[in-house]
1. Kirkwood Rh over Cα pairs of region 244-383 into Stokes-Einstein at 10 °C, 1.306 mPa s: D in µm²/s?
2. Using the beta-carbon distance between Gln85 and Lys247 and R0 = 22 Å, what value does 1/(1 + (r/R0)^6) give for FRET efficiency, to the nearest 0.05?
3. Please give the FRET efficiency for Ser37 paired with Glu305, using the beta carbon to beta carbon distance and R0 = 22 Å, rounded to the nearest 0.05.
4. How do Asp310, Asp48, Asp39 line up, fewest other C-beta atoms within 10 Å first?
5. Going by how many other beta carbons lie within 10 Å of each one, how would you line up Asp245, Asp191, fewest first?
6. In which sequence would Met70, Met368, Met24, Met142 go, from the one with the fewest C-beta neighbours within 10 Å to the one with the most?
7. Return one quarter of the surface area of the convex hull spanned by the alpha-carbon atoms of region 305-387, equal to its mean projected area, in nm².
8. Determine the gain in length on full extension of the stretch Glu56-Trp273; use 0.36 nm per residue of separation and subtract their C-alpha separation, reporting nm with one decimal.
Amino acid sequence: MPEEVQPDADGTPLSRETSSSRVMLQLERISCPLCGSSDSSVVLTSKDNLCGVPGEFNVERCQACGHRFMNPRPVAESLAACYPQQYGPHQSVPKVALVSTGTNKSDYESNSKAAIPDRPYYLRIFPLRYIPGLKRFYNWLMDDLSQLVPIAPLRTLHATDSGPIESSRPVKPRALELGCATGQYLVRLQDAGWLATGIEPGERPARIAKEAGLDVHCGTLEAIQLQSEQFELAAAWLVIEHVPDAKQTLQRLNALLVPGGKLLFSIPNAGCWESRFFGKYWYVWELPRHLHYFTPSSIRKLLEECGFTDITISHQRNLSNVVGSLALSLLGRWPECRPGCWLLRYPDRPTTAIKHLLAPFAHVLAWMGQGGRLTISARRRTPENGK
């Protein structure tokens, strides 16, 4: 039976506004969502340090497979209450007019355009702008590999004997984003030539995306009726760790993709140094919103079980988790610490100056296989490969 969590002593976040909703979450105890084992032990107890959802929550480790997950976790009816109005990723408004990728011949456009300012610092110093290769190096340094945007492979539709005679015309392939929030990535997909559709369970961000003219369904992936094998691309950026049943979600995305269709997504890396170094102040715990904590090996195994192949796992050149963890460490000791409050805003609203400062360190950690976030590419198996 679901059980009600009691609030902690103060029930307030360390540095964000108190949640407008003080409804207590209904929680249920579960077995390991990856292997089904009921043998797990508590490794962490924490309150919501970011949005102030009341209560204390546990992270447990499965004794059989080692997967870490929130247990007990919110029941389906309580999931919406985990995302109060001030939740950071739901605050942005999509820009509906981006520069077209035009005749870009590469497979992907810049992975993170927002990370590269329109007028980089090196262009503000007269002699530097003429150094050969500097622009390419700057773009490489500032590209954190956080969101890949494939260039749409345009196809041509020809008239058939059974259809009306008409001239050949290009057909846009279809792309789906799960957890699209306010739709910024959908805009980038459209700009890259895709016919983009989004799914967002939050009513407020879904409304913002719809008002921007984007095709967005409000609800969960399981509740929305979509035809199978209609998308050539599916994306889910920092979403899979939020869903109650990650295996079911990945299986459903697999079914929505055409054979050979590509899945792109990102997740926090629970196998890197950050969780061990920061302990209870690790930014990525983010209870009660994060329900899973994957490692590169556990997510690869899960993808294979869900029918994916050609799996590529890349470490992002991104230190947002480190900045957020440092902020929580400061605020945990000195709740009124102004530098801590300022740093805690960075993961949701990164500044160019700090990005420049952190970029070299982020590249080194990614090269060492210790990036705090993972970008993952996989394809739906095809009948031809027999796998």
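Since every read-out is calculated from the coordinates, none of them should be taken as a lab result. Predicted model only: the values in this text are computed from it and were never measured. Here the Cβ positions follow ideal geometry from the backbone for every residue, glycine too, while neighbour counts run over all protein chains shown.
1. Working: Rh = 16.4 Å.
Calculated translational D: 97 µm²/s.
2. Efficiency computed from Cβ-Cβ geometry: 0.10.
3. 0.90
4. Working: Asp310 15, Asp48 26, Asp39 12.
In increasing order of surrounding Cβ atoms, one gets Asp39, Asp310, Asp48.
5. Asp245, Asp191
6. Listed from fewest to most nearby Cβ atoms, that is Met368, Met24, Met142, Met70.
7. 7.8
8. On the way: separation 217, 0.36 × 217 = 78.12 nm, distance 2.47 nm.
The Glu56-Trp273 span can extend by a further 75.7 nm.
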